[in-house]
Amino acid sequence: MAKKKLITPEELDNLVSVGNPQISPDGSQMLYTRKCVKDGVNHTTIWIAGTKGSKKPRQLTTNGKDGMPRWSPDGTQVAFIRGGETGIQIYTIDMDGGEAQQLTNFPEGTIAEL
(Lines give C-alpha, C1' and ligand atoms only; values in the text may rest on other atoms or scores of the structure.)
Protein backbone atom coordinates (compact mmCIF):
# COMPACT_ATOMS: atom_id res chain seq x y z
CA MET A 1 0.00 0.00 0.00
CA ALA A 2 1.37 3.40 -0.97
CA LYS A 3 2.06 5.84 1.81
CA LYS A 4 -0.26 8.87 1.77
CA LYS A 5 1.43 12.21 1.23
CA LEU A 6 0.21 15.15 3.25
CA ILE A 7 -0.56 18.42 1.50
CA THR A 8 1.74 21.23 2.53
CA PRO A 9 0.60 24.86 2.92
CA GLU A 10 2.64 25.76 -0.17
CA GLU A 11 0.77 23.18 -2.26
CA LEU A 12 -2.60 24.72 -1.34
CA ASP A 13 -1.79 27.58 -3.71
CA ASN A 14 -1.78 25.07 -6.59
CA LEU A 15 -5.30 23.75 -5.96
CA VAL A 16 -8.13 24.79 -8.27
CA SER A 17 -11.79 24.25 -7.46
CA VAL A 18 -14.87 24.64 -9.63
CA GLY A 19 -18.42 25.20 -8.50
CA ASN A 20 -21.79 26.86 -8.95
CA PRO A 21 -22.68 25.19 -12.29
CA GLN A 22 -25.51 26.85 -14.24
CA ILE A 23 -26.95 25.25 -17.38
CA SER A 24 -28.04 27.64 -20.17
CA PRO A 25 -31.77 27.88 -20.98
CA ASP A 26 -31.27 25.85 -24.19
CA GLY A 27 -29.09 23.28 -22.40
CA SER A 28 -26.11 23.71 -24.74
CA GLN A 29 -23.73 25.54 -22.38
CA MET A 30 -22.78 25.68 -18.73
CA LEU A 31 -21.42 28.51 -16.61
CA TYR A 32 -19.24 27.73 -13.60
CA THR A 33 -16.85 29.44 -11.23
CA ARG A 34 -13.16 28.60 -11.03
CA LYS A 35 -11.37 29.43 -7.79
CA CYS A 36 -7.62 29.38 -7.14
CA VAL A 37 -5.12 31.26 -5.00
CA LYS A 38 -2.88 33.90 -6.56
CA ASP A 39 -0.30 35.65 -4.42
CA GLY A 40 -2.04 34.42 -1.27
CA VAL A 41 -5.46 35.79 -2.30
CA ASN A 42 -8.54 33.87 -3.49
CA HIS A 43 -9.10 34.52 -7.21
CA THR A 44 -12.53 33.55 -8.59
CA THR A 45 -13.53 33.86 -12.25
CA ILE A 46 -16.49 32.74 -14.36
CA TRP A 47 -16.01 30.23 -17.16
CA ILE A 48 -18.28 28.77 -19.84
CA ALA A 49 -18.20 25.35 -21.49
CA GLY A 50 -20.35 23.34 -23.88
CA THR A 51 -22.45 20.66 -22.20
CA LYS A 52 -21.66 18.07 -24.87
CA GLY A 53 -17.91 18.62 -24.75
CA SER A 54 -17.99 20.27 -28.17
CA LYS A 55 -16.64 23.64 -26.99
CA LYS A 56 -13.38 24.14 -25.18
CA PRO A 57 -14.01 25.92 -21.84
CA ARG A 58 -13.28 29.63 -22.00
CA GLN A 59 -12.89 32.28 -19.37
CA LEU A 60 -15.78 34.76 -19.33
CA THR A 61 -14.52 37.15 -16.62
CA THR A 62 -11.04 38.11 -15.44
CA ASN A 63 -11.66 40.37 -12.43
CA GLY A 64 -10.85 37.68 -9.86
CA LYS A 65 -13.74 38.57 -7.56
CA ASP A 66 -16.68 37.28 -9.61
CA GLY A 67 -19.27 34.71 -8.63
CA MET A 68 -22.88 33.47 -8.65
CA PRO A 69 -23.37 33.50 -12.45
CA ARG A 70 -26.99 33.30 -13.62
CA TRP A 71 -28.35 33.11 -17.17
CA SER A 72 -30.98 35.52 -18.47
CA PRO A 73 -34.17 33.65 -19.48
CA ASP A 74 -33.30 33.96 -23.19
CA GLY A 75 -29.63 33.01 -22.69
CA THR A 76 -28.24 36.19 -24.24
CA GLN A 77 -26.80 37.64 -21.02
CA VAL A 78 -25.32 36.52 -17.74
CA ALA A 79 -25.76 38.31 -14.42
CA PHE A 80 -23.17 37.81 -11.68
CA ILE A 81 -21.78 39.44 -8.57
CA ARG A 82 -18.42 41.19 -8.44
CA GLY A 83 -16.50 42.34 -5.39
CA GLY A 84 -14.61 45.60 -5.53
CA GLU A 85 -13.72 48.80 -3.75
CA THR A 86 -17.40 49.81 -3.54
CA GLY A 87 -18.53 46.46 -2.11
CA ILE A 88 -20.34 43.69 -3.93
CA GLN A 89 -22.35 44.74 -6.97
CA ILE A 90 -24.40 43.00 -9.66
CA TYR A 91 -22.99 43.01 -13.18
CA THR A 92 -24.22 41.71 -16.52
CA ILE A 93 -22.28 40.58 -19.56
CA ASP A 94 -23.56 40.00 -23.09
CA MET A 95 -22.85 36.53 -24.45
CA ASP A 96 -22.01 38.04 -27.85
CA GLY A 97 -18.96 39.69 -26.26
CA GLY A 98 -18.00 42.97 -24.69
CA GLU A 99 -17.21 44.21 -21.22
CA ALA A 100 -19.25 43.52 -18.10
CA GLN A 101 -21.64 46.34 -17.18
CA GLN A 102 -22.36 47.31 -13.57
CA LEU A 103 -26.10 47.02 -12.88
CA THR A 104 -26.30 48.08 -9.22
CA ASN A 105 -24.63 50.65 -7.02
CA PHE A 106 -25.32 49.51 -3.47
CA PRO A 107 -23.40 51.74 -1.02
CA GLU A 108 -22.60 48.84 1.31
CA GLY A 109 -23.72 45.40 2.29
CA THR A 110 -23.60 41.94 0.87
CA ILE A 111 -25.59 40.09 -1.74
CA ALA A 112 -26.40 36.66 -0.35
CA GLU A 113 -28.16 35.21 -3.42
CA LEU A 114 -28.72 36.29 -6.99
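Quick notes
- Taking residues in the range 97-114 that are free of Cβ contacts under 8 Å to residues at least 12 places away in the same chain, and partners anywhere that are among the β-branched types (Val, Ile, Thr), the pairs with Cβ atoms closer than 9 Å and at least 6 places apart or on different chains are Glu99/Ile93; Gln101/Thr92; Gln101/Ile93.
- Number of residues in the range 65-80 that are small (Gly, Ala, Ser) and either loosely packed, with under 10 Cβ neighbours inside 10 Å or not in a strand (DSSP E or B) (or both) equals 2.
- Any hit, the range 71-80, residues being modelled with pLDDT under 95 and within 17 Å of Leu114 (Cβ to Cβ): no
- Residue count for the range 27-64, restricted to those that are touching a Leu at 6+ places or on another chain (Cβ under 8 Å) and either closer than 23 Å to Pro9 by Cα or assigned to a strand (DSSP E or B) (or both): 7.
- Condition broken by Ala2, with the remaining ones in (1) small (Gly, Ala, Ser); (2) free of Cβ contacts under 8 Å to residues at least 12 places away in the same chain; (3) outside any loop (DSSP other than H, G, I, E, B) satisfied: (3)
- Filtered residue count, the range 91-110, keeping only those that are of a type in the set (A, V, I, L, M, F, W, C) and more than 17 Å from Gly64 (Cβ to Cβ): 3
- Filtered residue count, the range 38-62, keeping only those that are within 14 Å of the chain's Cα centre (by Cα), surrounded by fewer than 16 Cβ atoms within 10 Å (Cβ to Cβ) and closer than 20 Å to Gly84 by Cβ: 3
The values are calculated or read from the model by the stated rules, or taken from the named source; none is laboratory data. This one's a predicted model, so the numbers in the text were calculated from it and none came from an experiment. For neighbour counting, all protein chains shown are included, and Cβ atoms are generated from backbone atoms with ideal geometry for every residue, glycine included.
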